[in-house]
Amino acid sequence: MSSRNEIILSESGSKLLIERVFKKLLQSEKEALAEENPRHTALNRDNYTFAQVGYESKPTGALYVLSVEPRTRNKFLYRGRIWVDAEDFAVVRLEGEPAKNPSFWTKDTKIDQTYAKVNDFWFPASNRSTTSIRLGGRAYLTIEYQDYQTTAAPSMKDSTSTVAGYK
């Protein structure tokens, strides 16, 4: 796994909240990406139940709208809705809330994450979260993902393969 560069552009507000809430949220994101966690956090039938709740036609293409319910209460899973590109079957947006509250200090967290297609791949584009703080007030967290670089790879239809000695 390659290293990621995180740059905090600004922090304002209570130092207590920054240390106990925001920095813990950033640490949780790093934990979710750790090598041992993707299997337990993947968007699949092992971790979620799905139901189609709609279909949207956008200028960029058609989208299936699905409800997602986690099978376990895990701080890395969420419940809500996802929008899936009808051509690529890739998630282009999710709206939800954590299946398990990630911190004592927070409650009622709402997440809105979008994805963007870069060449043939879909990557996170932004994550906006709003959380009620138990001490009062609301906290807002925005993560912008950018500067993705992909390397060229032959497409599956352009490559040849040999299976069991047959071409």
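What follows draws every value from the coordinates through simple rules; no lab data is involved. Small disclaimer: the values here were computed from a predicted structure and weren't measured. Here the Cβ positions follow ideal geometry from the backbone for every residue, glycine too, while neighbour counts run over all protein chains shown.
Odds and ends about this structure:
- Which of VAL65, VAL53, VAL91, VAL118 has the fewest Cβ neighbours within 10 Å, and the rest in rising order: VAL53, VAL118, VAL65, VAL91
- Taken as Cα centroids, region 117-139 and region 41-83 sit 16 Å apart, rounded to the nearest whole angstrom.
- Inter-site label distance for SER126 and GLN52 at 7 Å from Cα along Cβ, in nm: 3.0 nm
- Residues ARG81, ARG138, sorted so that the one with the fewest Cβ neighbours within 10 Å comes first: ARG138, ARG81
- Subset of LYS15/LYS107; LYS15/LYS75; LYS15/LYS100; LYS58/LYS110 violating a 22 Å alpha-carbon distance limit: LYS15/LYS75; LYS15/LYS100; LYS58/LYS110
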